[in-house]
Amino acid sequence: MPSPPAGRSGRASTAAPARKSSTQTLKSRASASARSSALPVEIPDEGPATSLRTQICGIFAETQRNTATQRKLIINLRKIQEACCYEPTSTKKNQKQEDFEESDFNEEVGRCAIRVLTVKKSEPVGDRIVRFLGLFLKHASEKVQPEDVDTTDALPETPASRLTSHILSILLPLLTVRDKTVRFRVTQIIAHIVNTLDSIDDELFQLVRLGLLKRLRDKEANIRVQAVIGLGRLADGGEADEDDEDSDDEVAGGILEKLLDVLQNDPSAEVRRSLLLNLPFTPGTLPYLLERARDLDAATRRALYSRLLPALGDFRHLSLTHREKLLRWGLRDRDENVRKATARLFRERWIEDCAISQKAAEEEAPPQGQVSAPRFEALLELLERIDVVNSGVEGGIAFEAMKELWDGRPDYVDFITFDDDFWNDLTPESAFVARTFNDYCREAEGNKLQDMVEDKMPVVTAFAFFVQKHLNVLIDDVRKVALQDQDDADAEEDTVQQEFCVEQLLHIAMTLDYTDEVGRRQMFSIMRGALALAELPEECTKLVVDVLRTVCGVNAAGEREFCDIVLEAVAEVHDTILGEDPTQEDADESFHSARSELSDELTPTKAKKNQKRGKDEDSSEIDEEKAIREIMVNMKCLHIAQCMLQNVQCDLEENNILVTMLNNLVVPAVRSNEAPIRERGLLCLGLCCLLSKNLASENMTLFLHCFTKGHDTLQIIAVQILTDTLITHPSLLAPPLAAQDASTHDPSPINPLLKPLTKTFLRALASPSPSLPLTACLAVAKLLLLGLLPAASSMEILKALTIAYFNPETAENPALRQALTYFLPVFCHSRLSNAALMSQIAVSVIGKLVVMREEAEEEEEEMVGWTVVAGMIAEWTDGRKVVGGELCIKDPGERKDGAEEPHVLLATEILERALGAGCNKDERKPLLTLLSKLNIPSTNSPDSKYQAVSQEAFQTLHSLVAEAVETKLAIDATTRNALTKLDTALSKRTGESDKVVTTTEVEIEPTKLVDEEEETIMLGDAQAEGTVMPLDGSGEDDDDLTMRQGGTSGVTEVDDSVVDRLLDSELE
């Protein structure tokens, strides 16, 4: 293609002043457009139609049909542009051809682009035209690259760049118009152009940057989405323009900082998701991108795991902390799709990165979209990259990750083999592979995997040999570390890894089949010997006890043998540790040798004093060492005893071995002055109480005393023991038997444990420690859900829990808030009596919250609004949401009666308090707000078998409502209307009982002619209508209809006083 002539280039340069003028009048045009938007639309004169307009409009019309022919249309439009920009190389004779300039072409394309601005987002035609325009500009910019233009100083001027400048000059002033559809299409076109082209004019760059930054604060979320799409491409260049003096003051900061702020704080999930996928990957932006794994929107979290993380490349570039957090957050996400995306990322992308690095140089990489063949080295490296020693402990994320890998990669399940070399050269990663593979196959359904694990795992005899070998290595490592004078980090790390390997082997040992007597005896002997080793770590000791319990059998004889063996091991450990104590004679010899080194120049008096001082120092060192050794002995023995008690279920009093252990080991530990020994002894005593009701009854006072006088850790243990003991032996809270000579009018006796027990739980909930309130909350939640506490204690504890939920001070304890968020609705909706219990305490809770709000305002603390508090209490006390209630079942025949009882009770409590003299304005307002949210139907359920709430309760409530209306208790229109509606509903409800009885007596004969099924349908319709609160006198119309149908005999008329009160209230 020939170069453009000078004349053409001169005409093209005239576009520059026009671009500058649009820049200078950007704000003025925007303001003028805003002022004139309300005026009638005037279509400007676009001049006569030309052949150029016809051709370009035809191409834009054709591109609206589909995207399949857009490539051909782009080429056709490019030919038209070339004809307008360049002189023709040859002209045929006798051919008349109109001569159009480049500016004519630009004007026509801009004219077509403007037509897209009013197309709504829901129309796909607009998106097709925007896509076509961006592809054409890209094609035109790639086609024309003049060789004679110097590109070192500035961007070269080409027809494509001038067309881009012309289009942007038209669109940029329209970014601030009032029409949201126009703003959306303008922002979309600009963002698409920015993402399509490789370069843009510097002056236009600043204008585009300024306009899109302002659209970041647009009230429409779809416009902000397009703005972040466009700014994502400009983010790399925004850093250099932070201090640009020509920029607007409000948007002078860097683009990247503003985009990161939008990523964290924008309320629209679509905006955050678009920005997540369009921000550049840099070390500075990576932490902000990864924290979207905790985004509120599930689709945004899924986009991170399914699109962003696979696009990052090798996962090994992430830090260990990021890998562990991403796995934990993703695999434990509440959304199933996020969990699936995380599992796919782990088993397909991360292991593929390890597999590719393990391949030899001559091996070829797999085709795109396919995974490599299974490699054991890749699996070991993957586990090493997620730090399996720390993440592979109980409750760690490595278990869930490996379960997903075995589920999604059956090729690895078939590929894994365990030979003798594997077991002899165990590493933490390989041991964890064996343990998770064993657990996965044994927990799977079907015989295929069960047979596979039996074939691949060694027999019990051979496995016992491997366990013995690695146990010996562990004990040797522990002894070496203990004998070292200085800390050796490498030796300690090797010991930790070897301990992890032994733990995995012991976990596998608990799942083996011990029907083989030879293997069972060998494993029994190894576990018995390992338990007597004083150097065995605590976690390994616990697992050894568990394996020993499995080997001994589940019957009573096996349990007795297990207790006997463990107690023997405790005695051996005790003798082993105390046997290492140095003799008193050696201490005396060392003392004499030290004394002989004294100088002869000392006087006899000074020598005697120094001798006495040296003797006291040596004796204190010996006493300190002896005390430390005794603590070690007791802690080790108590730990073994604790592990044993967690594995037995027999009656304590019938097992002499356990009684001996209790008297000789546990009781002295509880009386010890050393805090660690006392804590573990109390824990063992609590486990013993679970095995004996008499022992539990005798020691309840002791546990209460430990809570009162103990420190935080002892208090937590005491609360846990009290809760588990009451759940195991609920009869401990039963009231004592009444005396035979007691009269029937005497109050029933109360269990003496209830008052101190309730006081203990309340003190624990009010503790300033963050862990003790959480423990107490979980403890009392179990007791309340099981219904073990009497009504009085339950009310006090439930009130404390509800106040703690709304207390702003508990915001610093998110674990407690989360527990209460789950417990309160579950408790109230599990039984109707629980919802009624919440109704009884709701008024006192609001009174306490009023006082707390006044204190919070003085301390400038934020507290949740009354509307939220009232809404939650109304929902918790709604009997229709209780299990078996109206809103929880579909079959009306299974519906439980009494659903309206909690709200009736609560409404009565509210009005009694609001009408009392001690209720001030601040307390009355939230009470009436809560009253307006209650659901009290105007009619009884037609399918109810009996009247759930007594008529006296409705009459009492009606009288309270009438009094509230007469005294003008409500101070605003909302609560005044709520009281009026409630009065109307109760007027109908209190007058309905007599009507139903008399009408049934009169109409008993006609009902025989109605089909039974049709009658049921009619009753169902009546019930559905009766649950709606009457509005604007609709209740009176229903009453009139009932009276006309039933006749006048026996029908009770509505009280005239009620109607008079309603009319008076409306007139006032």
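The values are calculated or read from the model by the stated rules, or taken from the named source; none is laboratory data. Please read all numbers here as calculations on a predicted model, not as lab measurements. Every residue, glycine as well, gets a Cβ built from its backbone with ideal geometry; the counts of neighbours run over all protein chains shown. In case anyone asks, the SASA skips ligands and DNA or RNA and just uses the protein heavy atoms, side chains included. Shrake-Rupley method; radii C 1.70, N 1.55, O 1.52, S 1.80 Å.
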* Asked: When both residues are 6+ apart or on different chains and their Cβ atoms are under 7 Å apart, which pairs have a first residue that lies in the range 282-297 and is in a helix (DSSP H, G or I), and a second that is of a type in the set (S, T, N, Q) and open to solvent by less than 50 Å² (accessible area, probe 1.4 Å)?
  -> Arg292/Thr300
* Of these, Ser169, Ser199, which one is among the small types (Gly, Ala, Ser) and open to solvent by 40 Å² or more (accessible area, probe 1.4 Å)? -> Ser199
* Which numbered condition Ser672 misses (of (1) touching a residue at least 12 places away in the same chain (Cβ under 8 Å); (2) open to solvent by less than 60 Å² (accessible area, probe 1.4 Å); (3) outside any loop (DSSP other than H, G, I, E, B)) -> (3)
* **Filter result for Val864 (touching a His at 6+ places or on another chain (Cβ under 8 Å), modelled with pLDDT under 90, in a loop (DSSP other than H, G, I, E, B) and open to solvent by 20 Å² or more (accessible area, probe 1.4 Å))** => no
* Hits in the range 612-648 - residues which are modelled with pLDDT under 70 and either within 17 Å of Glu535 (Cα to Cα) or surrounded by 14 or more Cβ atoms within 10 Å (Cβ to Cβ) (or both) -> Gly614, Lys615, Asp618
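Condition check ((1) open to solvent by less than 20 Å² (accessible area, probe 1.4 Å); (2) under 43 Å from the mean Cα position of the chain (by Cα)) across all residues:
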| residue | (1), (2) |
| --- | --- |
| Ala160 | yes, no |
| Leu175 | yes, yes |
| His192 | no, yes |
| Glu203 | no, no |
* To do: Please verify whether the range 425-440 includes one or more residues that are farther than 27 Å from Glu348 by Cα and either surrounded by fewer than 16 Cβ atoms within 10 Å (Cβ to Cβ) or touching a helix residue (DSSP H, G or I) at 6+ places or on another chain (Cβ under 8 Å) (or both).
  => yes
* State which residue is farthest from Met632 (Cα to Cα) when the search covers only the range 517-564 and only residues that are open to solvent by 10 Å² or more (accessible area, probe 1.4 Å) and part of a loop (DSSP other than H, G, I, E, B). => Asn555
* Structure fact -> If we keep only residues of the range 627-647 that are touching a helix residue (DSSP H, G or I) at 6+ places or on another chain (Cβ under 6 Å) and of a type in the set (Val, Ile, Thr), then the residue farthest from Val547 (Cα to Cα) is Val633
* Within the bounds of the range 491-501, is there any residue that is outside the structural domain of Asp387 (by the TED database), among the polar types (S, T, N, Q), out of contact with any Gly (no Cβ under 8 Å at 6 or more places or on another chain) and open to solvent by less than 50 Å² (accessible area, probe 1.4 Å)? -> yes
